[in-house]
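Novice: One structure is given below, represented as C-alpha cells, and several questions about it will come after.
The values are calculated or read from the model by the stated rules, or taken from the named source; none is laboratory data. Please read these numbers as outputs of a predicted model, since none were measured by experiment. A quick note on method: Cβ atoms are made from the backbone with ideal geometry, for glycine too, and the neighbour counts reach across all protein chains shown. Side chains are part of the model used for accessible areas, which takes the heavy atoms of the whole protein and leaves out ligands, DNA and RNA. Shrake-Rupley method; radii C 1.70, N 1.55, O 1.52, S 1.80 Å.
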Amino acid sequence: MRDQHGGMLAASFVLVVEILENLAFLANASNLVLYLSKFMHYSPSSSANIVTNFMGTAFLLAVLGGFLSDAFFTTYRLYLTSAAIEFMGLLILTVQAHTPSLKPPICASASTEIQCEKVNRRKAAMLFTGLYLVALGVGGIKGSLPPHGAEQFDDTTPQGRKQRSSFFNYYVFSLSCGALIAVTFVVWIEDNKGWQWGFGVATAAILASIPVFLLGSPIYRTKIPAGSPITTMFKVLIAAVCNNCKSKNPSNAVMGMKTSPSSYTTETGEEGNATKVKVPSQTLTEDLEFLNKAVTEKTVSPMLQCTVKQVEEVKVVLKIIPVFMCTIMLNCCLAQLSTFSIQQAATMNTKIGSLKVPPASLPVFPVIFVMLIAPTYNHFVVPFARKVTKTEMGITHLQRIGTGLILSIIAMAVAAVVEMKRKKVAIESGLLNSAEPLPITFLWIALQYLFLGSADLFTLAGMMDFFFTEAPKSMRSLATSLSWVSLSMGYYFSSVLISTVNNITSIFRHTPWLSGSNLNHYHLERFYWLMCILSSLNFLHYLFWANRYKYRTESTAD
C-alpha cells in the first residue's frame with residue numbers, strides 16, 4: 001500500500017544494514033592474507049591465492065543470491081537466511097582464532113631455514129568451512145540486499161524513480177562507510193589485540209544487522225517470486241533455435257504477431273491510482289528477430305510454447321549483456337589498487353608528519369573519496385544536470401557508466417606517469433637496488449586512487465540502477481547481481497592479463513615486465529600504459545553498444 005509501505009524510510013534500513021554487512025566482510029578480507037601466512041603458516045603465494053579465490057567466489061555467488069531471490073525466495077527472506085549463514089561462518093573463524101589447539105603451533109624460531117609447522121587437514125577443513133560459509137552468505141546478501149532496497153520505490157512515478165537512483169548512490173556510500181571502519185578500526189584491532197577480536201567484531205556486526213533489518217519489516221515492499229527466470233531464458237532460446245531450423249515449414253509461421261519497433265502507452269493503476277507509463281508492447285519488436293520464431297502455432301514440444309512477453313523479456317536481458325561485458329575492464333583496473341599500488345607505496349616515504357601510515361591502509365583513500373563524492377553528485381551534480389537537460393534523470397545510466405570508464409582511462413594514465421616519476425627518483429637518488437624508502441611521498445599514489453574511486457562510484461551505482469531498471473521484473477535481482485559478477489571477473493582478468501604480459505615479454509626480453517622481487521626493476525609504467533590503451537579500446541567498444549541501446553522503461557512524461 002503506497003501510504004504505508006516502501007519509500008526512503010524503508011530503504012534507509014537497508015543502507016544501515018549494508019554498512020554493518022560490508023564492515024563484517026571487509027574487516028577480514030582486507031587483512032586475511034596476513035592471518036593465513038602468519039598464523040596458519042601458508043606460504044605468501046598460497047595465502048594470496050586463498051584470498052583471491054575467497055573474494056572471487058563471494059562475488060560470483062551473488063548470481064546465486066539474485067537467482068534465488070527472483071525464483072524461490074523473496075529478497076527479504078534471502079537476506080535473513082544469508083546473514084545467518086555468514087554469521088555461522090564468522091563464528092567458526094572466531095572460535096578457531098581464539099582456541100590455540102585449533103591452529104598450528106606458534107612459530108617461535110626466527111630462522112627462515114626452519115619451516116613452521118603447516119596447518120593440518122582437520123584445522124584447514126575448519127578454516128575453509130568458515131571462509132566459504134562466509135562467502136556463501138556474502139553472495140546471498142550481495143544478490144538480495146540491493147534489489148530489496150530498490151524495490152521500496154514506486155517505478156511508476158517520476159519521484160519514485162529519482163529516489164531509486166539516489167538510493168543506489170547512497171548504497172555505494174554505505175559500502176564505503178563499512179569499508180572505512182573495516183580497514184582502520186578493525187584492522188588495528190586485529191594487528192594489536194588479536195585476530196579473535198577482529199573476527200569477533202565482524203561476527204557481532206553481521207549479527208547486529210539482522211535486528212536492524214527486521215525493524216523495517218512493517219514498512220517494506222516485498223516482491224513475490226515469479227519462478228525461475230533462467231528457465232524462461234533457456235526455453236525461449238531453445239524454442240527459437242528449434243523453430244528457426246523448421247522455418248521452411250509453412251505451418252510453423254509466427255502466430256499472427258506483427259513486429260513493432262517500439263512500445264505503446266497505456267494506463268495502469270496501482271491501489272486505484274491511475275498512472276501513465278510506457279510498458280512493453282504486446283507485439284514482437286524488430287530487435288533480435290532470430291528470437292521471434294520462439295512464438296509459433298506449433299512447437300516441437302508443448303513445453304517450448306513461448307509468449308510474446310517472455311520473448312521480449314529475454315531480448316532485454318540479451319541487450320544488457322554487452323554493457324555488462326564492457327565494465328569488466330574497469331574492474332580489472334580497480335584490481336591494481338589492492339596489488340601493485342600498495343607495493344609501490346611500500347617503496348616510498350609513507351610518513352605524514354610524524355605519523356607513519358602502513359601501505360595496507362591505502363584503501364582508505366578511495367573510500368574517503370567516494371564518501372565525499374557520492375553526496376556531492378547526488379545533491380549538486382544531478383539536480384544541475386536535470387535543469388540543463390530538462391530530463392527526469394539528468395544523467396542517464398549509460399552516461400554514468402561511460403563517465404566511470406573515462407575516469408578509469410585517466411587513472412591508468414596518471415598511474416603510469418606517477419610510476420615513471422617514482423622510478424626516476426629511485427635512479428637519481430641511487431636507491432634503485434636498495435630496500436630503503438625513496439625520498440618521495442606515497443601521496444602521489446593517492447592520485448590514481450582518486451580517479452579510480454570516482455570511476456567506481458559512477459560505474460557501480462550506474463550499473464546497479466541500469467540493470468535493475470531495465471531488467472524484467474521477474475529477474476531484477478539476478479540482473480542486479482551482474483554488478484558483482486563484473487567485479488569478480490575483473491579481478492580474475494587482472495591475474496590472466498599479468499600472466500599473459502609476462503609470458504609475451506619473456507619471449508622478446510630475458511626478463512618479463514612484471515617479474516622479480518624488486519619493484520624498481522619492473523616495467524610497471526609500461527603495464528599501466530597497456531591498461532590505459534586497453535581501457536580506451538574498451539570504451540570505444542562500450543560507445544558502440546551504448547549508442548545502439550534503446551531504454552525499455554522511459555517514462556512518457558516527467
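Novice: Quick check, is Val357 over 30 Å from Lys162 (Cα atoms) and either touching a residue at least 60 places away in the same chain (Cβ under 8 Å) or not acidic (Asp, Glu) (or both)?
Specialist: yes
Novice: State whether one or more residues within segment 379-393 are touching a residue at least 12 places away in the same chain (Cβ under 8 Å) and in contact with a Phe, Trp or Tyr (Cβ under 8 Å, 6 or more places away or on another chain).
Specialist: No; the residues of segment 379-393 include none that is touching a residue at least 12 places away in the same chain (Cβ under 8 Å) and in contact with a Phe, Trp or Tyr (Cβ under 8 Å, 6 or more places away or on another chain).
Novice: Can you pull out the residues in segment 375-404 that are within 19 Å of Glu470 (Cα to Cα) and basic (Lys, Arg)?
Specialist: Correct list: Arg400 only.
Novice: In segment 419-443, which residue that is of a type outside the set (S, T, N, Q) and assigned to a loop (DSSP other than H, G, I, E, B) is farthest from Val370 (Cα to Cα)?
Specialist: Gly430
Each row is one residue, and each column tells you yes or no for (1) open to solvent by 10 Å² or more (accessible area, probe 1.4 Å); (2) in a helix (DSSP H, G or I).
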position	(1), (2)
Leu20	yes, yes
Phe25	no, yes
Met40	no, no
Leu61	yes, yes
Leu64	yes, yes
Phe67	yes, yes
Ala83	no, yes
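Novice: Consider segment 64-104. How many of its residues are without any contact (Cβ under 8 Å) to a residue 12 or more places away in the chain and among the aromatic types (Phe, Trp, Tyr)?
Specialist: First pass over segment 64-104, keeping only residues without any contact (Cβ under 8 Å) to a residue 12 or more places away in the chain: 77, 95, 99-101.
Then drop every residue that is not among the aromatic types (Phe, Trp, Tyr), which leaves none.
Number of matching residues: 0.
Novice: Which of the numbered conditions does Glu525 fail, given that it passes all the others? Conditions: (1) at pLDDT below 80; (2) of a type in the set (Asp, Glu); (3) assigned to a helix (DSSP H, G or I).
Specialist: Result: Glu525 passes all but (1).
Novice: Please go through (1) of a type outside the set (D, E, K, R); (2) surrounded by fewer than 22 Cβ atoms within 10 Å (Cβ to Cβ); (3) at pLDDT 85 or above for Ile106 and return the number of the only condition it doesn't satisfy.
Specialist: (3)
Novice: Looking at (1) farther than 27 Å from Trp188 by Cα; (2) of a type in the set (Gly, Ala, Ser); (3) assigned to a helix (DSSP H, G or I), which one does Ala446 not meet, given that it meets all the others?
Specialist: (1)
Novice: Here is a follow-up. Check every one of the helices (runs of 4 or more DSSP H) wholly within segment 125-231 and list those with 2 or more residues that are aromatic (Phe, Trp, Tyr) and under 21 Å from the mean Cα position of the chain (by Cα).
Specialist: Filter on segment 125-231 gives 158-181.
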